[in-house]
1. Taking H placed 1.01 Å from N in the peptide plane, check which residues at least 5 places from K57 or on another chain put their amide H under 5 Å from its amide H.
2. Just the Kirkwood number for the stretch 67-158, please: inverse of mean 1/r across all distinct Cα pairs, in Å, one decimal.
3. Could you order D62, D114 so the one with the most accessible surface comes first? Probe is 1.4 Å.
4. If ligands, DNA and RNA are left out, what is the accessible area of V141 with a 1.4 Å probe, given in Å² to the nearest 10?
5. Whenever you get a sec, line up M93, M151 from highest to lowest accessible area (probe 1.4 Å, protein heavy atoms).
6. Given R₀ = 22 Å, what would the calculated FRET efficiency be for N155 paired with K130, taking r from the Cβ atoms and rounding to 0.05?
7. Determine the gain in length on full extension of the stretch V120-I54; use 0.36 nm per residue of separation and subtract their C-alpha separation, reporting nm with one decimal.
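The values are calculated or read from the model by the stated rules, or taken from the named source; none is laboratory data. Please read all numbers here as calculations on a predicted model, not as lab measurements. With ideal geometry, Cβ positions are generated from the backbone for all residues, glycine too; neighbour counts draw on all protein chains shown. Just the protein is used for accessible areas: all its heavy atoms, side chains included, with ligands, DNA and RNA removed. Shrake-Rupley method; radii C 1.70, N 1.55, O 1.52, S 1.80 Å.
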Amino acid sequence: MKSTIHEHQKNNFKIVSKTLKNIRLLLFASIVLFSCTPNNEEIKTTASENVAPINGKYFSPDEASAGITFRWTPLVPKPQEPVTYRLKVWQLMQGQNGTQAMRSNQPIVTKDVDNITETVVSGIYTGPCKPPYLCDFIWVVQTINNNGVVMCESNPTVFNF
């Protein structure tokens, strides 16, 4: 089976197309570069990306009660100095989307971890969700330098119970 792969990069996006038996599949991959300032030196680097839970992940009450493992990719290239990753989780309320919840609500979880890209959080699920609270949550990871300055933030990811 013969296939041909074509790549085209424009701005911050890579478009990959693959032709397989006269059928062309288009794949889009974002190559997002952020301007981060570790140690007061401006460099181009890729921010952390949320790995788990994946966007739209549903947890059963049993899974959620056991604790949720959050994973993300490291800052690349790795800064010379240690970095802190700050996990933030918000719960959505009726009538809110994720952006509104992040702007208006206090995070229900704020957890800092040093130089690791995984942490487990217990206690997010406390029982059936009752109005005005939804069983929908949104999370991000911020990369913080040794001066306490937020360098980058991952794209938000939603999960629910």
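1. Here N160 satisfy the definition.
2. Evaluated on the stretch 67-158, it is 14.1 Å.
3. Heavy-atom accessible area, descending, gives D62, D114.
4. 0
5. Listed by decreasing accessible area, they come as M93, M151.
6. That gives a FRET efficiency of 0.15.
7. So the chain would gain 22.3 nm between V120 and I54.
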